[in-house]
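Here, each number is a calculation from the coordinates, and none is a lab measurement. Bear in mind that the values here come from a model prediction, so they are computed numbers and not experimental data. Cβ coordinates were reconstructed from backbone atoms using ideal geometry, including for glycine residues, and neighbour counts include every protein chain displayed.
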Amino acid sequence: MRALFPPAVLCAAALAAAAAPAAAAVQISAELSRPQVVMGDQLSLAVTVEGDQASLPSPKLPPLDAFSVYDSGRSQSLNFVNGKVSSSVVYTYVLSPRQPGKFKIPPITADGAAAPTAPLDVEVLTPGSRASAAPGPAQGAAPPGTGPAPGAPAPRAARARSGAPADVFVTASVDRPRAYVNQQVTLTVRFLNAVQLLGDLRYDAPETTGFLAEELPPVRNGMTQIDGRAYQFSEIKVALFPIQSGKLTIGPAVIHCQIARMGADAGQDFFDRFFAMAAPQPVTLNSEPVTIQVDPLPPGKPEGFTGVVGRLTAKASADRVDVKAGEAVTLSVAVSGTGNLKSLPEPRLPDVPSLRFFTTESSSSIDKANDRVGGSKTFRTVAVPRVSGAIRVPPFSFPYFDPERKAYARAETAPIDLRVAPGAAGAAPSAAAPAQPAGLTAIADDIRYLKTADAAGSSSALAAFADLGPWHAIPFAFLLAAAAVAWRRRADEADPRGRRRREALGRAEARLASAAALPESEAAKAAALAADALAGYVADQLDAPAAGLTLKSALEGLKTLRRPPAAGTLERLTELWREAEVRRFAPGGARGDAARFSHDASSLLKSLDQELRR
Amino acid sequence: MISSLTLALALAFPRPAAAAATAAPAAAARALYDAGNYADAAAAYEKLAAAAPRSAALQYDLGAAEFKAGRLGRATASFERAFALNPRDSDIRFNLAYTLRRAGEDFVPPGTPPALFWIFTALSERELAGLHWLAAWTTLLLAGAGLLAGAQRRRSLAPWTAAAAGAWVVFGLWWAGLRAALPPDRGVVVAPAAELRHGPGPNFGVAFTVPEGRRVRVLGASGPWLEVGVLKEGARGWIQADAIERL
């Protein structure tokens, strides 16, 4: 609520307020704009402190870990009734949720308050879910059915439809019927009167549930002409920031005043008319409610967007850029522009491991020129370089939504380059360090440096062994060959007669070769070897002892074999056998023919062997 | 058998290659890197690595230069190649794990004890193949010798032959397991936020995006499009071939 008073009345009120007892009772109540909020949106907490005194204590807000809390201003109203002062102050806070879940806002108290407020429940939803479309009854508000106090004057229409004179009325209007969430809407409440007012005048500000309100002083007074009639007007402007989307209604602005009544029973007598005019008539004037369509912000919110709507610029600076390691540098980030900058949260500190940051403090300067809320907000933080060298503080970024361009934008500061000289020993931020053996201080992580050796490359010989390709068949072939040999050996061991037959030709040829190699002086010995070769071969084939084997028994034996040799072969065997005996026992006849004989014998034995193996 | 062991040990040690031919260009590339000219350093290392494709050190240096030049995907691919060549190098493991972490992937598969993963990947695929073949040679030669030897000698060779055969089986299974875990038909996403579509062409909708540096398995191809499976999430989609660097 707000009071509209002529200066003289205001002075009297101030004097009366000063004389009011300080120990009067104080009531405190709290109200949330809505019981649910989606992460990324905001809601408002209105704390009303009332009492019969002009100076009311401020509420003591308990810690709200689940929310970022921003002071969004206060509005005060004073009432003077029969010289007594009563006032109320509404403190508005913006709550920006930090995490989803159900939370309870603890009781809020104030110095001198008879009782704290009741705890309030609020649910923070994840972005995927939607809060209740309708705002719903605000927590802490008066329960349904609670109307004006008994005897209070009923509200009347703006143009005094229920008997108020048409020459006193109040209007309410907004500069735009449609706005985005958090975009400023300027509400103008204008009280016009064409007659003399009597007594006090009281103004009840309209209900602005769903909005954050920021007054736009001063009250503007002046004269205007309506339908050719002169009116005196008083005008109040309020900047409203919708904090939720949908159709939001601004309630009626109410003016309580007294005007001079010109009664019908005044008669024609001057005194009757004079006193009739002087009799004050209480009048309650209401403006029409105003509905605003509030649109949600379009999708595509950039990372770090906190809901600021307006137009921002940002600038960062340091109190010095040449510093020693361990010394403090104050970084200032100033954000200015239009919009509700009070709700702008502190920027996220950059991830620079070589800098240690301390708590950020902020200060705001609100500018309301041309009825547009804006100004600047400055964040200051102390940074202490941990190491020497060039350290770049990266840009601070503040995303916002520009309602004029209907697009998201980003106010970004320029980077700040610090030149850090080595500090004195122990000058690093060791003041807060524990008195324990110091460990490593991670400054920044990165990949490891280049290889300093073996730049030309190396190759594992073991790996190269895998690339032998077809050569890997060698051990398999070796194993197969070994297996074949072993099988043969085993077969020979199992069949000694067969083995003797298979090896007969080899042994006979070996003897013939030995005979051929002997000199002519040993012709008799060569002849004996040749004869032994023939007899030995036949004995091996017949599996009979070679000693005592005669030509006759040899021929008979060969003929009894399963595959007997051809008759021609046996004839040749007979000739060579006899020649061998002649050569053996008549050495003179063998001279000079040993080589030929060995050759003939070898040829015969090969033929014979083939025939026997058929 | 002792001679076989000696041969195996000798083969297990890397043998130096000719370094003189690449020493000067490598020094020039290193100078570019040290001067902060990472893009040029990467180009120089790329030439060197192409000339010596079996050099883990050059692949490592190429990966470092690519990373510093801001090309996370190409850096990951180079570190992967270096890791395949020399998996026991701690620097290579560190840098590969670092770039994979930047791409949102874990070097050690979740749930796998790091020590076990280290042991499993301690030998490169080629080294395991070499050990597998070495064990095969030893087993077959010992078995062949046993067949040819006499009974007493054969009995003395039997335990060595069995041990070699066991090593053959172990290294063979290890080799096969490594090929299954790190299949050769892999690639790395080298385009930032590469789009994977439902089919091979722009007419198919985008199914999801993959961050640069992610490892994928190439499942098929259709013209300039590759069908890939993202190793971490197991999702499949089609991606333009130039957004993938094959390993």
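Computed from backbone phi with θ = phi - 60° and the Karplus coefficients 6.51, -1.76 and 1.60, the 3J(HN,Hα) list for region A:407-413 is 8, 7, 9, 9, 8, 10, 8 Hz; x is used for glycine and proline.
Compute the relative contact order of region A:311-421 as a whole-number percentage, counting only Cα pairs closer than 8 Å that sit 6 or more residues apart in sequence.
Values: 266 pairs, mean separation 38.6, N = 111.
RCO, region A:311-421: 35 percent.
When only Cα pairs under 8 Å and 6 or more residues apart are kept, what is the percent relative contact order across region A:465-614? Let's see the in-between values first.
On the way: 133 pairs, mean separation 41.8, N = 150.
That works out to 28 percent.
Checked against a 31 Å cut-off, the cross-linked pairs A:Lys342/A:Lys406; A:Lys60/A:Lys247; A:Lys247/A:Lys315 give Cα-Cα distances beyond that limit for A:Lys60/A:Lys247; A:Lys247/A:Lys315. To the nearest Å, what is the center-to-center distance of region A:527-557 and region A:341-407, using C-alpha atoms only? When both Cα centres are located, 120 Å separates them.
Summary value for chain B: 14 percent relative contact order, contacts being C-alpha pairs under 8 angstrom separated by 6+ residues. Note that region A:310-319 has calculated 3J(HN,Hα) couplings of x, 8, 10, 10, 9, 9, 10, 8, 10, 5 Hz, one per residue in order, obtained from phi through the Karplus relation 6.51 cos²θ - 1.76 cosθ + 1.60 (θ = phi - 60°); glycine and proline are x.
Fewest to most neighbouring Cβ within 10 Å: what's the order for A:Phe465, A:Phe103, B:Phe208?
Values: A:Phe465 23, A:Phe103 19, B:Phe208 12.
Taking fewest neighbouring Cβ atoms as first place, the list is B:Phe208, A:Phe103, A:Phe465.
The listed peptides A:487-497, A:390-400, B:69-79, ordered by packing as a protection proxy, come out as B:69-79, A:390-400, A:487-497 (highest mean of other Cβ atoms within 10 Å first).
For B:49-57, what's the mean count of beta carbons from other chains sitting within 10 Å of each residue's beta carbon? List each step's numbers first, then the result.
Values: counts 1, 0, 2, 5, 2, 6, 7, 6, 9.
Other-chain Cβ atoms within 10 Å of each residue's Cβ, averaged: 4.
Residues of B:88-94, mean number of Cβ from any other protein chain within 10 Å of their own Cβ, rounded to a whole number? Let's see the in-between values first.
Details: counts 0, 1, 1, 5, 2, 1, 2.
The shielding value for this peptide is 2.
Any chance you could run the full-extension gain for A:Ala328 through A:Asp445? It's 0.36 nm times the residue separation minus the Cα-Cα distance, nm to one decimal. All intermediate terms of the calculation are to be shown ahead of the outcome.
On the way: separation 117, 0.36 × 117 = 42.12 nm, distance 2.37 nm.
In short, 39.7 nm is gained.
Taking amide hydrogens as placed 1.01 Å from N in the peptide plane, the amide H of A:Asp367 sits under 5 Å from those of A:Gly374, A:Gly375, A:Ser376, each at least 5 positions away in sequence or on another chain. Each of A:Thr126, B:Thr99, A:Thr359 was scored by other Cβ atoms within 10 Å of its Cβ. Arranged with the fewest first, they read A:Thr359, A:Thr126, B:Thr99.
Sort A:280-292, A:232-244 for me by packing, meaning the mean count of neighbouring Cβ atoms within 10 Å per residue, highest on top. Let's see the in-between values first.
Working: A:280-292: 18.2, A:232-244: 21.8.
The densest-packed peptide leads the list: A:232-244, A:280-292.
Shape call for region B:65-129 from the C-alpha gyration tensor, a ≥ b ≥ c root eigenvalues: rounded (a/c under 1.5), prolate (a/b greater than b/c) or oblate? Because a/c hits 1.5 or more and a/b fails to exceed b/c, region B:65-129 counts as oblate. Which shape class applies to region B:39-93: rounded if a/c is under 1.5, otherwise prolate when a/b exceeds b/c and oblate if not, where a ≥ b ≥ c are the square roots of the Cα gyration tensor eigenvalues? The shape class here is oblate. Mean per-residue shielding of peptide B:119-129 is 3, counting Cβ atoms of other chains within 10 Å of each Cβ. Annotation: the residues A:Tyr203, B:Tyr60, sorted from fewest to most other C-beta atoms within 10 Å of their own C-beta, follow the order A:Tyr203, B:Tyr60. Taking each DSSP H run with n ≥ 4 as -39500 (n - 2.57) and averaging over every residue of chain B yields -19000 deg cm²/dmol at 222 nm.
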